[in-house]
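The values are calculated or read from the model by the stated rules, or taken from the named source; none is laboratory data. None of these values were measured; they are calculated from a predicted model. Note that we place each Cβ from the backbone using ideal geometry, even for glycine, and neighbour counts take in every protein chain shown. Accessible surface areas use protein heavy atoms only, side chains included; no ligands, DNA or RNA. Shrake-Rupley method; radii C 1.70, N 1.55, O 1.52, S 1.80 Å.
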Amino acid sequence: MRNAFAKHITALAQKDERIVLLSGDIGNRLFDDFKVKCPGRFFNCGVAEANLIGMAAGMALSGLRPVCYTITPFITYRCMEQIRIDVCYHHTPVIIVGTGAGLSYASLGGTHHSCEEMGMLRLLPGLSVIAPADEAEVRGSLTAALQSPHPAFIRIGKKGEPKVHKTDPEFAIGKSILIREGTDVCLLSTGTMLPEAVAAAEKLGQAGVSTQVISFHTIKPLDTERLTQAFSRFKLVATIEEHSVLGGLGGAVAEWLSDAPQPAARLVRFGTRDEFLHETCEQEQAREFFGLTPAAIARRIQESLAARG
């Protein structure tokens, strides 16, 4: 996903001289092509993420379109105040891109995990929160964010994520994408968990459970039209994310649901538990720990259906 981001921002910046790229001392070789084709518009801000966000806000107020890029926990937790005041309070069109989101860097320990940042950031007025699922959605989210006059946060994976879309889908902030039709269960997946959701749907299909899968790439603003359809049509709706069950997609849908008419479907939330992962392991093992594998998702869905009767 990060390679797709680097290639796409280079292409977009060649067409729009307002685009500038700010990095928190990573991605120097990743952006070699950008630096050659867009000279003078790449800024390595060092390990000073709060300052990076302040610089970006000033650039945006001067008419530029800054895109900030570094590892997700460092560009969110370390500079929450700057995002809140410099970017959101002044409503500057800054795009914040966090790479290696969720448990992508599980092997580097808790300092590199980011399982709470979407819940924090979606509280900020005017900030879109987007979690693309694959490189096609990375391109779509970056293009859409740059076309918007509002600030946005985009969380992406690291590298090697499987493709879900064969071609680039029509992408709009706040509008989900149908991946697979179904009639019994609806899986709302965000970010890099989408391939796991598709695999879980396959397992459920083998067990006789017809499962719809939707890429819910935007956490804020929510696609409430899709939510209304899902909760009126299905027996069960599940949110699936590599983020805490508190505050992310599952939390946002639960909040929406509390104000909605009595739904036909039950909500089940998949995500990381309200605890830190102290084990150092690879992403696959971290997902197993939190029950975020296709087998675990399918098993819990079937148990929930049985309990509902």
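Using the heavy atoms of the protein chains alone and a 1.4 angstrom probe, what is the accessible area of the stretch 139-296 per residue in square angstrom? Mind showing how you got there, number by number?
On the way: 6920 Å² over 158 residues.
Averaged over the residues of the stretch 139-296, the accessible area is 44 Å².
By accessible area of protein heavy atoms, probe 1.4 Å, what ranking do Y77, Y105 get, highest first? All intermediate terms of the calculation are to be shown ahead of the outcome.
Numbers: Y77 75, Y105 30 Å².
From most exposed to least exposed: Y77, Y105.
So what is the calculated 222 nm ellipticity per residue for the chain, using -39500 (n - 2.57) for each DSSP H run with n of 4 or more, over all residues, to the nearest 500 deg cm²/dmol? Walk me through the intermediate numbers first.
On the way: 11 runs with 112 residues, N = 309.
For the chain, the value works out to -10500 deg cm²/dmol.
Run the simple label-point estimate for K159 and R299 please: 7 Å along Cα→C-beta, distance reported in nm.
Going from the K159 label point to the R299 one covers 3.3 nm.
Over 20 Å between Cα atoms: which of K175/K220; K15/K220; K7/K163; K15/K35; K163/K220; K159/K203 fall into that group? Let's see the in-between values first.
On the way: K175/K220 10 Å; K15/K220 28 Å; K7/K163 16 Å; K15/K35 15 Å; K163/K220 23 Å; K159/K203 26 Å.
Cα-Cα > 20 Å for K15/K220; K163/K220; K159/K203; rest within.
Explain nothing, just compute: Karplus ³J(HN,Hα) = 6.51 cos²θ - 1.76 cosθ + 1.60, θ = phi - 60°, for every residue of the stretch 221-230 in order, whole Hz, x for Gly and Pro.
Couplings: x, 6, 7, 5, 5, 5, 4, 4, 4, 5 Hz.
Roll a 1.4 Å probe over the protein heavy atoms and report the accessible area of K163 in Å², nearest 10.
Approximately 140 Å² of K163 is accessible to the 1.4 Å probe.
Just to verify a number: what accessible area does R139 come out at with the full protein assembly present, 1.4 Å probe, Å² rounded to tens?
60
Under the rule of at least 5 residues apart or a separate chain, name every residue whose amide H is placed under 5 Å from the amide H of S244.
Close amide H contacts, sequence-distant or interchain: E116, T272.
Please list 3J(HN,Hα) in residue order for the stretch 164-178, calculated via the Karplus relation 6.51 cos²θ - 1.76 cosθ + 1.60 where θ = phi - 60°; whole Hz, with x for glycine and proline.
9, 8, 6, 10, 5, x, 5, 10, 9, 4, x, 10, 6, 10, 6
Percent antiparallel among DSSP beta bridges with both residues in the chain, to the nearest 5? Could you put the intermediate results ahead of the total?
Values: 7 of 43 bridges.
Among the beta bridges of the chain, antiparallel pairing accounts for roughly 15 percent.
Which order do the peptides 175-187, 276-288 come out in when sorted by mean C-beta neighbours inside 10 angstrom, highest first? Could you put the intermediate results ahead of the total?
Details: 175-187: 18.8, 276-288: 14.5.
Answer by packing, highest mean first, reads 175-187, 276-288.
Taking the highest mean first, how do the peptides 254-265, 191-202 order by number of other beta carbon atoms within 10 angstrom per residue?
On the way: 254-265: 12.3, 191-202: 23.8.
Ranked from most to least packed, the peptides come out as 191-202, 254-265.
How do L204, L146 rank by accessible surface area computed with a 1.4 Å probe, from largest to smallest?
Numbers: L204 0, L146 25 Å².
Descending accessible area places them as L146, L204.
Enumerate the calculated ³J(HN,Hα) couplings along the stretch 23-28 in order (Karplus 6.51 cos²θ - 1.76 cosθ + 1.60, θ = phi - 60°), each rounded to whole Hz, writing x wherever the residue is Gly or Pro.
Result, rounded to whole Hz: 10, x, 6, 9, x, 4.
Write down the radius of gyration of the stretch 6-143 and its Dmax, each obtained from C-alpha positions, in Å.
Looking at the stretch 6-143, its Cα Rg and Dmax stand at 14.2, 40 Å.
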